[in-house]
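Every read-out reported here was derived from the displayed coordinates using simple, explicitly stated rules and does not represent laboratory data. Keep in mind the model is a prediction, meaning the values are calculated, not measured. We place every Cβ from the backbone using ideal geometry, glycine too, and count neighbours over all the protein chains shown.
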Amino acid sequence: MMIIRTNHDTQTNYLYAYSNELIEEAEKRFKVVKIEGKDINEKVIRSRIKNRRPNFIFFNGHGSKTCLFDNDKKSFIDINSSDIFKETVTFARACDCLDGLGKSAIENGCKSFIGYRKKFWIARHHEYECTPLRDYVARPVIECSNIIVKELIKSKTVDEAIKKSHEKSADYILELVYSKEPLAIASLQAIIANDSTLDFEGGSSATIC
C-alpha cells in the first residue's frame, strides 16, 4: 500500500490527521509506503512504485478534473502521467478528479479508480482546526470516506467498499437529521454532498489483496 498525503492548509491537515488510523490498520497487514513533504513528486513516486509495486495507492489532498496537487499547490500527476496508477487500485480523496484523471488512469491500465466526481467537502468547527481529531463536526464526514480504505484493507472489493461507505453515510444522515446539535446541519450537508459524488471507474470486483 502506498499513501500520498499533502499537508499545507486546513483541509489537507484534516485529511492528514484522519489518515493516521488507516495507516495503523494497514500496517497490521501490509507494508505501507508513505510519501509526504517534498517527496510528493512524479519522479520519487515512480521510483517507489517500481521498487515496492504497491497494489493500492491512496492520495489525500487537493485535485481537479485533470490532476492532483502537491504541497506547493502545483500539479504533480495529471492525465498525461496517469499511467503511474497502472495495475493498482487507486483512491484519490480529492475534489473533482474521477471523471477526468480517473478515466484516464483506467485507460492506462489502472484496475479501479475510486474518487469524487465533484468537490469533496469537509465540514469543520473553527475551534478545533488545530486539533482536527477532536472536531466532532468533521469526524462523521471523514469517517464515511475512511471506511472505504478500511474495507479494502479487509480484502473487500471496490464495489463492496463503496457500498459500505454509502451505508455509513445513510446511518449518519439519519442520526444528524434528528440531532439537537446546532452544527449538525454542516456535517449533514457535507456527507450528503460527498456521498452523492462518490463513485469509481474501472473494475467493481478489484481488490488490493
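Computed from the C-beta positions of Asp39 and Arg117 and an R0 of 41 Å, the FRET efficiency is 0.90 to the nearest 0.05.
Tilt of helix 42-52 relative to the longest C-alpha principal axis of the chain, in degrees (0 to 90, nearest 10)? Taking Cα atoms only, the helix is inclined about 80 degrees.
Taking a sphere under 14 Å around the Cβ of Lys43 and counting the other residues whose Cβ falls inside, with K and R at +1 and D and E at -1, yields a net charge of +2. Checking the Cα-Cα distances for Lys86/Lys154; Lys31/Lys74; Lys38/Lys119; Lys73/Lys163; Lys38/Lys168; Lys74/Lys163 against a 30 Å cut-off, the pairs over it are Lys73/Lys163; Lys38/Lys168; Lys74/Lys163. Each residue, Glu181 and Asn51, gets one label point 7 Å from its Cα in the Cβ direction; the gap between the two is 4.2 nm.
Using +1 at the Cβ of each Lys and Arg and -1 at the Cβ of each Asp and Glu in region 2-202, identify which of Leu176, Val158, Met2 lies farthest towards the dipole's positive end. It is Met2, whose Cα lies furthest towards the positive end. Rounded to whole numbers, the Karplus 3J(HN,Hα) couplings from phi for region 150-161 are 4, 6, 4, 4, 7, 6, 6, 6, 4, 4, 5, 5 Hz, using 6.51 cos²θ - 1.76 cosθ + 1.60 with θ = phi - 60°, and x at Gly and Pro.
For the pair region 6-50 and region 72-100, the centres of their Cα atoms are 14 angstrom apart.
Please sort 26-32, 14-20 by packing, taking for each peptide the average over its residues of neighbouring beta carbons within 10 angstrom, highest first. Display every interim value, and only then the final one.
Details: 26-32: 14.1, 14-20: 19.7.
With the highest mean Cβ count within 10 Å placed first, the list reads 14-20, 26-32.
Let me have the 222 nm mean residue ellipticity of the chain computed from DSSP H runs of 4+ only, each contributing -39500 (n - 2.57), with the sum over all residues rounded to the nearest 500.
Working: 7 runs with 81 residues, N = 209.
The per-residue figure over the chain is -12000 deg cm²/dmol.
Loop only per DSSP, at most 14 neighbouring Cβ atoms within 10 Å: give me the chymotrypsin sites (Phe, Trp or Tyr not before Pro) in region 94-145, ordered by residue number.
Values: sites: Phe113, Tyr116, Phe120, Trp121, Tyr128, Tyr136; in loops: Phe120, Trp121, Tyr136.
Those satisfying the criteria are Tyr136.
Of the residues Asn71, Ala193, Cys95, the one whose Cα sits farthest toward the positive end of the charge dipole of region 2-202, with +1 on the Cβ of Lys and Arg and -1 on the Cβ of Asp and Glu, is Asn71.
Would you work out the charge dipole size for the chain about its Cα centre, treating the Cβ of every Lys and Arg as +1 and the Cβ of every Asp and Glu as -1, and quote it to the nearest 20 debye? Walk me through the intermediate numbers first.
Values: 32 positive and 30 negative charges, 136 e Å.
That gives the chain a dipole magnitude of about 660 debye.
Using 0.36 nm per residue and subtracting the Cα-Cα separation, the extra length available between Asp9 and Lys163 on full extension is 52.4 nm.
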